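*Asks:* Take this structure, written in structure tokens, and hold onto it; I'll ask about it next.
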Amino acid sequence: MTTVRVAPRTPVKRLTVLYDAQCSLCVHLRHWLLRQPQLVPLDLVPAASEEAVRRFPGLDHRSTLKEITVIGDAGQVYRSTAAFIVCLWALAEYRAKANWLATPAGLPFARATVLAAAKWRASTAGSGCEGGRCEVPGMPG
């Protein structure tokens, strides 16, 4: 008989969002996140930066430039769709929506959102970051 041990659940008290500082969409979303009331504090750190490497030495930092990555204060690593959902979960006005997106009914919508963002990023790679300032075209930074 195999015994399964379940690790105790550790509450998340703080999240670090690694974002691509050269991506106009990522920078726009960083600013948006910072303006939202947060239930769980978010630290926003440029992906693959010296700060990110110092904080998370065991992380594959190249991959953090390819997909959104969020790190919990107890070492939890969320990538892609899970990272998107956990960012919303941390926000006061979006927790209920995040809980729904994490369900079988909501997950396809969360995946579609992440895929659409990735497609937009790929189509605008290298644009929108003049002089270190990134903006989404047609939107204030």
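The values are calculated or read from the model by the stated rules, or taken from the named source; none is laboratory data. Everything numeric here is computed off the predicted structure, so don't read it as measured data. Neighbour counts are summed over all protein chains in view; Cβ atoms, including those assigned to glycine, are modelled from backbone coordinates with ideal geometry. Ligands, DNA and RNA are stripped out before the accessible areas are found, and what is left, the full protein with its side chains, is counted by its heavy atoms. Shrake-Rupley method; radii C 1.70, N 1.55, O 1.52, S 1.80 Å.
*Asks:* Considering only residues that are exposed (fewer than 15 other Cβ atoms within 10 Å of the Cβ) and either touching a Phe, Trp or Tyr at 6+ places or on another chain (Cβ under 9 Å) or modelled with pLDDT under 75 (or both), which ones fall in segment 114-141?
*Replies:* Those that are exposed (fewer than 15 other Cβ atoms within 10 Å of the Cβ) and either touching a Phe, Trp or Tyr at 6+ places or on another chain (Cβ under 9 Å) or modelled with pLDDT under 75 (or both): 125, 126, 127, 130, 131, 132, 133, 137, 138, 139, 140, 141.
*Asks:* Only one of 14, 54, 9 is touching a residue at least 24 places away in the same chain (Cβ under 8 Å) and over 24 Å from residue 120 (Cβ atoms). Can you tell me which?
*Replies:* 14
*Asks:* Looking at this structure, is residue 88 crowded, with 17+ Cβ neighbours inside 10 Å and part of a loop (DSSP other than H, G, I, E, B)?
*Replies:* no
*Asks:* Taking residue 25, is it under 13 Å from the mean Cα position of the chain (by Cα), hydrophobic (A, V, I, L, M, F, W, C) and open to solvent by 40 Å² or more (accessible area, probe 1.4 Å)?
*Replies:* Considered against the rule, which asks whether it is under 13 Å from the mean Cα position of the chain (by Cα), hydrophobic (A, V, I, L, M, F, W, C) and open to solvent by 40 Å² or more (accessible area, probe 1.4 Å), residue 25 comes out as no.
*Asks:* Given the criterion touching a Pro at 6+ places or on another chain (Cβ under 6 Å) and either more than 27 Å from residue 116 (Cα to Cα) or modelled with pLDDT under 95 (or both), identify the matching residue among 21, 92, 74.
*Replies:* Checking each option against the conditions leaves just 21.
*Asks:* Filter segment 39-62 down to residues that are of a type in the set (Gly, Ala, Ser) and in contact with a strand residue (DSSP E or B) (Cβ under 7 Å, 6 or more places away or on another chain) and give me whichever is nearest to residue 26 (Cα to Cα).
*Replies:* 47
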